[in-house]
Amino acid sequence: MVDQQTPVGANAPTRSGGAPALRERLTRRKPVEKLVAETQGAEGAGLRRHMGFWQLAMIGIGATLGTGIFVVLGEAVPVAGPAVVLAFVLAGVTALFSALAYAEMAGMIPASGSAYSYSYATMGEFMAWVCGWCLMLTYGVSVAAVGVGWGQYINELLHLTTGLSMPAAMLAGPLEGGLINVPAAIVVLLSMFALLVGVRESSRVNAVMVAIKIAILVMFVAIAVTAVQDGNFAPFMPMGMAGVSAAGATLFFSYIGFDSASTASEEAKNPQRDLPRAIMFSMILVTALYCLVAFTAVGALNWADFADGETSLAGILTAVTGTTVWAVIFAAGAVLALASVVLVVLYSQTRILYAMSRDGLIPKAFSTLDAKGTPRANTIITSVLIALLAALIPLGPLADATAIGTLFAFALVNVAVLVLRRSRPDLKRAFRMPGAPVTPVLGVLSCAYLMFSMALSVWVAFLAWLAVGLVIYFSYSMRRSALEHEDTVEVRS
């Protein structure tokens, strides 16, 4: 198979009327050079470049360090027992393979479309659409899930400080017997207003909140480690490896977000240099914190006490110290920490949609910029829809649906590395994935392993989402693609 620049209407097979045949439409690709040229654009014509290494790293950390450790840990321990530490390692290794792949691709293709753009350059428009559609699920549902977790910590902080709790109907949607999750919707809308003010200002707020969340997790480890007991680690793997795998699939949600830095590619001053460094730095820091927190949490509190699935880190601090003071500090920090995740992941979602809109696959409103270079309509539409999702759907299904969509997109990024290593070895790579082609193959296999560890109901929801995406692609996106009227596109011959 050879890549060629082929005139669509000339040498490529066509249908009646001169339109390209279905196979050519599905496999047409955007050359890497074209993707890079689009990100550079005319001065003032696109997103504004103002982010350096630290801003990009804060985006990666801000999006990753959140609900997975603050909320989902309590749901994973009853499944894996003390071996939840291994579950974090399993999920972390899977994410690490993909982080290495992202680092290589981001250094070559600094486009805000992230995995979607990488797929467009390597596997063609159809797979790019599938990847983008999965990323819509990943980022959109992730924001909603974090919003639900934020509401839980708001309620815990209220209870710790006043002894009162919010009405159950305001903390749960109809599927949980409530009316609407008010806090979850509020935090999404607050993040929307922050993004509308400007990305530069939002990145500064995020940096402060990231510093706070790192500080409170370090505080948790320092306190909880004093109560660690050997007996709490026995039996270490009560549910066997099946429990570890299932918990690992759920906890993979904890690592979603390190790739958010790649969605800021078009707003980075030096993306080829800074993006790979930011992705790897955020991944290493987050993984170290997760392992420390998980170890001290199950060491300080017997895993059987997590059976209700609702045990929080703040609750562990109260049990360890016998006072609520530290729990109040932790809960207050968690409120700010989770708000930063909502802010960054919502930002990432709008940038994915911006790239897809620029390519014509979704309406142009999503790539229209205001005078400050902000995709205003995109931000408002996306935020309102996600606020409704957060208000109505419970956390558990949201986390699982997010994880399976992310695993699929991550697998495609590993495939993209393999494709470009073979088809374009001449491309300059600011970072090279070590151990290729073995490591990207392991990345694909580890993603597949966690995907097949998920429940049938999650697969049904995922396949239903893909089916809706296929209907939209064939009825709208394929015909409106910017490549539909290009003089030349990259095809396989």
Which numbered condition trips up A144, out of (1) at pLDDT below 80; (2) under 30 Å from F474 (Cα atoms); (3) out of contact with any Leu (no Cβ under 7 Å at 6 or more places or on another chain); (4) not polar (S, T, N, Q)?
-> (3)
Out of Y102, Y153, report the one residue that is in contact (Cβ under 8 Å) with a residue 24 or more places away in the chain, within 22 Å of Y354 (Cα to Cα) and crowded, with 24+ Cβ neighbours inside 10 Å.
-> Y102
Members of the stretch 343-366 found to be among the hydrophobic types (A, V, I, L, M, F, W, C) and in contact (Cβ under 8 Å) with a residue 60 or more places away in the chain, listed by number = L343, V344, V345, L346, I352, L353, A355, M356, L361, I362
Pick from the stretch 443-457, criterion of a type in the set (A, V, I, L, M) and surrounded by 19 or more Cβ atoms within 10 Å (Cβ to Cβ), ranking: farthest from N414 (Cα to Cα) | M454
For the stretch 347-361, how many residues are outside any helix (DSSP H, G or I) and either surrounded by 24 or more Cβ atoms within 10 Å (Cβ to Cβ) or polar (S, T, N, Q) (or both)?
-> 2
Looking only at the stretch 156-193, count how many residues are in contact (Cβ under 8 Å) with a residue 40 or more places away in the chain, among the small types (G, A, S) and surrounded by fewer than 20 Cβ atoms within 10 Å (Cβ to Cβ).
-> 0
Scan the stretch 123-141 for residues that are at pLDDT below 90 and over 16 Å from T263 (Cα atoms) and report the count.
-> 1
If a residue has to be assigned to a helix (DSSP H, G or I) and either of a type outside the set (S, T, N, Q) or within 21 Å of Y118 (Cα to Cα) (or both) to count, how many in the stretch 429-477 make the cut?
-> 34
Output the number of residues of the stretch 435-460 satisfying the condition of being more than 22 Å from G243 (Cβ to Cβ) and touching a helix residue (DSSP H, G or I) at 6+ places or on another chain (Cβ under 7 Å).
-> 7
Which fully enclosed helices (runs of 4 or more DSSP H) of the stretch 61-149 have 1 or more residues being within 15 Å of the chain's Cα centre (by Cα) and more than 22 Å from G435 (Cα to Cα)?
-> 115-122
Please specify each residue of the stretch 393-419 satisfying the condition of being at pLDDT 85 or above, over 22 Å from L90 (Cβ atoms) and surrounded by fewer than 24 Cβ atoms within 10 Å (Cβ to Cβ).
-> L418, V419
Looking only at the stretch 367-381, count how many residues are free of Cβ contacts under 8 Å to residues at least 40 places away in the same chain, assigned to a helix (DSSP H, G or I) and either closer than 20 Å to K34 by Cβ or out of contact with any Phe, Trp or Tyr (no Cβ under 8 Å at 6 or more places or on another chain) (or both).
-> 1
Only one residue in P183, P174, P167 is at pLDDT 85 or above, more than 21 Å from the chain's Cα centre (by Cα) and of a type outside the set (A, V, I, L, M, F, W, C), so which one is that?
-> P183
Condition met for L407 (under 15 Å from I186 (Cα atoms) and in a helix (DSSP H, G or I)) = no
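The values are calculated or read from the model by the stated rules, or taken from the named source; none is laboratory data. Worth saying up front: this structure is predicted, and the values here are computed from it rather than measured. A quick note on method: Cβ atoms are made from the backbone with ideal geometry, for glycine too, and the neighbour counts reach across all protein chains shown.
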